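Take a look at the structure set out below.
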Amino acid sequence: MSSPGFVVSDAPVADPVTAGLGAGASETRAVSLAGALAQVGIPCRIDVHGAAAFLLAADDALAVRLADHALRRDVLALGRRHGFTHVAVIVGDR
Amino acid sequence: MHVGDHTRVEMLATDTDASVRPTATSEGAAKEVSLVRWLAERESVVVGYSGGVDSTYLACVALEALGPARVLAVTGRSASYPDEQWAMARDTAERWALPWLEIETAELEDPRYAANPTNRCYFCKHELWSRLVPMARARGYAAVLDGTNADDLADHRPGARAATEQGVLSPLALLGFGKHEIRARSRARGLPTWAQPSAPCLASRLPYGTPVTVARLRRVEAAERALRSIGVAGDLRVRDHGDLARVELAPDTLSHWLAQPARGRLARALQTAGYPRVALDLAGFRSGSLNVLAGIRGE
C-alpha cells in the first residue's frame, strides 16, 4: 500500500486541528510533520493556514515525485497523523 | 456515485424512446412520476433556479407538469454567482422555453454575510428568499421551490433554514431524489446539465472568517476561468488563502497537473489571475473542503 521505505498509518495521532487552533500548536505540528517527512526522504518547509499544510521545497523535485499517486497517498496520511486536514504542495511562488 | 444505477437508467431511456419519458422500470423514473404528480398538485410554482443540475431538472419537470403559464424560474444574481453558471442558466432557459426572471440580490451588503461566518449561507439564502417569495406571492404563484436534494440533507447547509423560514419547499428532497438519480433523469431528458460539475457560489472558495468582497470573488472566478482555459476539466475549486491559491482538481487528473509542463502552465495561469503563490492540494477536489478545514461536520 505504501511507497517503498515509507510506511505510515491512517490513524490520527490526535483529533484533527480546527480553525480555532492556536498559532503555537499549529507551528508545533508543522515542525513535527516536516520532521516526519524529512525522515522518509522528503525535506521541505511547511507553511500553515489553519489546518492546511503547504509543502515548499527548494527545487522542482518534490512536485515531480508527488506526481506518483502512492506517494501522495502516503504524504496525506502522514499529514492526517499530524492533525492536518489538507496537505498541498506549492508549485508557484513569486 | 451509483454508477450502476446511472447506467441502467440511461440505457432504458435510450432504448425505449428517443424523446425520453419516465418509465416505472427504474427507481429514478418512478420518482419522477411522483414528482410530476406532486408538482401538478401545486398548481403554479416559482423555482429558485441557479442553472445547476438540481434546479434545472426541477424547473424543466415543472414546466412539463404545469406548462409555461404556471412556472417561473428565478435566478438571483450577485457577485458571488459565477458568470459561467449564469450563462448556463440563460442558455438552458432559452433552449427549453422556460419562463425565466433574474433578480439582483445584495447579500454582500449584509455585514453578517460579508464577515463569512460558518452560517454564511443562511444570510445569502435569507436575502434570496426574502426577495423571491414576496415577488412570487404578488404574482399569484402558489408555491416557491428550491432544488435541494436528499443527499444535501446530510451536509452542512445553514441556508436550508432560511428556505424553511420562508416556506420554500424542496420536492426533490421530499421525494428522496439523490444526486445520481437527478443526473440520470437529467440525461434521459437531454438536459445539458446532467454531467455538469456542481458549482456552488464563489464565496465557498473563501475560508470561513475571510471577509467576502467583490475583489476576492472576482479573483477566484478569474482563476477558475483561467484554469478551464488551459484544459482543466471536471471538478475544480480554487480555494483562496490570501495570496496563496490552493487548487483542488479531480483526483484522477492530479498526476498530470503535477508533472511538467502542465504544472508550470497551471502556476502561470493562476499567477496571471492574481495569486502570487499557487499550491496543488494532494487529495484533490473535496466537496465541502472548507467545512472540513473549519472542523465542521454534516448536520
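Is chain B best put as rounded, prolate or oblate by its Cα gyration tensor, with a ≥ b ≥ c the root eigenvalues, rounded for a/c under 1.5, and otherwise prolate when a/b is larger than b/c, oblate when not? It comes out oblate by the Cα gyration axes.
Take the Cα of residue B:118, step 7 Å toward its Cβ, do the same at residue B:27, and the gap between the two points is 3.2 nm. Taken residue by residue and averaged, Cβ atoms of other chains lying within 10 Å of the Cβ of A:46-54 number 5.
Each peptide in B:101-110, B:242-251 receives the mean, over its residues, of other Cβ atoms within 10 Å, and ordering these scores from highest gives B:242-251, B:101-110.
Note on chain B: helix-only mean residue ellipticity at 222 nm, from DSSP H runs of 4+ residues weighted -39500 (n - 2.57) and normalised by residue number, equals -14000 deg cm²/dmol. The gain in end-to-end length when the residue B:34 to residue B:77 segment is fully stretched comes to 12.4 nm, 0.36 nm per residue minus the alpha carbon separation.
An oblate overall shape is assigned to the stretch A:40-94, the ratio a/c of its alpha-carbon gyration tensor axes (a ≥ b ≥ c) being 1.5 or greater and a/b not exceeding b/c. Between residue B:213 and residue B:90, the C-beta separation translates, for a Förster distance of 30 Å, into a calculated FRET efficiency of about 0.70. The label-point distance for residue B:153 and residue B:135, in a model that sets each label 7 Å from Cα toward Cβ, rounds to 2.9 nm.
Stretched out straight at 0.36 nm per residue, the stretch from residue B:287 to residue B:268 would grow longer than its current Cα-Cα span by 4.3 nm. Using a Gaussian network model of chain B whose springs link C-alpha atoms within less than 10 Å, name the residue from B:263, B:112, B:95 with the highest mean-square fluctuation. Maximum fluctuation in the GNM of chain B, among the listed residues, is at B:95. If the segment from residue B:174 to residue B:256 were pulled out straight at 0.36 nm per residue, it would be longer than the present Cα-Cα gap by 25.4 nm. Take each residue in B:265-276, count the other chain C-beta atoms within 10 Å of its C-beta, and the mean is 2.
Shielding value for B:279-288 is 6, the average number of Cβ atoms from other chains within 10 Å of each residue's Cβ.
Rule-based calculations on the coordinates, nothing more; no lab input. Just so you know, these numbers come straight off a predicted model, no measurement behind them. Neighbour counts are summed over all protein chains in view; Cβ atoms, including those assigned to glycine, are modelled from backbone coordinates with ideal geometry.
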